[in-house]
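Input: a single structure, listed below in structure tokens.
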Amino acid sequence: MKAFPTLLFVFFVFYTVDAQHRQIREDIFGNLESISNDRSYNAKLVRNIFDDLVFTDSKNNKLHFEKKYLEREFPGILSDKKRQSDLLARLIRENRRQSSYSAKFSIDIFDNLKIEDNKGYKLERGTDIFGNENVVEEYGNTRTSFTRNLSGGLEYTDGSEKASLSKDIFDRWIYKDSFGNEIQFGKNSWERILRRYKSEESVFNDLLDDYFYR
């Protein structure tokens, strides 16, 4: 490598320069790499034989993005070097101050999105047979979930604490949680709120912010 610096240099394509004076370039194998000007930090985004993208850096961090995950969450990125360059720049900003972190981003055989890291964090996001999205997160001994139950109501759990948003027999939507909060919405007020927030999930999330996590 050291014997032919000028020959190898012509194969590199430069993409960006960030605030830390770090260039992102394409190597002779088509992978992206970045080396800081003072050479104290380097990172790569490599496309493997399965068309996964794998980020690694000199801090021993590794993030593995499987092809199916990329196709769902970043459609078109595998054929767009500029977007891959932007992804590498973002991953550098997010990871250059930590070390020995690893995570995998994938889609399982049930079409659920899964994220799992070496710090004990797990996320699974998928849909039930009715097309409703369900999200489950785990970190250490804490498990949170955001689901829609069989009666059409929404439920949220965080460890032993719970909250729900559901409709009663009088067509009223009612928010309840394990902290003793209870809010009822009549039909007219619920319709106004739903027009503003666009979805029941967005309403529930706002109620959780205001009452569950206040």
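The values are calculated or read from the model by the stated rules, or taken from the named source; none is laboratory data. Everything quoted here is computed from the prediction, not taken from an experiment. Note: ideal-geometry Cβ built from the backbone for every residue, glycine included; neighbour counts use all protein chains shown.
Which residues, counting only those in the range 65-121, are more than 20 Å from Glu138 (Cα to Cα) and basic (Lys, Arg)? Selection gives Lys67, Lys68, Arg72, Lys81, Lys82, Arg83, Arg90, Arg93, Arg96, Arg97. Scanning the range 1-54 for residues that are of a type in the set (Phe, Trp, Tyr) and modelled with pLDDT of 85 or more yields Phe29, Tyr41, Phe50.
Where strands (runs of 3 or more DSSP E) fall entirely within the range 106-187, those with at least 2 residues that are hydrophobic (A, V, I, L, M, F, W, C) are at 113-117, 133-139, 161-167, 173-177, 182-185. When the test is whether a residue is under 19 Å from the mean Cα position of the chain (by Cα) and in contact (Cβ under 8 Å) with a residue 24 or more places away in the chain, Lys104 passes it. Cβ-Cβ contacts under 8 Å between residues 6 or more apart (or on different chains), taken from a first residue in the range 186-204 that is within 16 Å of Gly153 (Cα to Cα) to a second residue that is among the hydroxyl-bearing types (Ser, Thr, Tyr) and crowded, with 16+ Cβ neighbours inside 10 Å, are listed as Phe204/Tyr156; Phe204/Tyr175. Looking only at the range 147-202, filter to residues that are among the aromatic types (Phe, Trp, Tyr) and more than 21 Å from Thr127 (Cβ to Cβ); which one of those is farthest from the chain's Cα centre (by Cα)? That would be Phe170.
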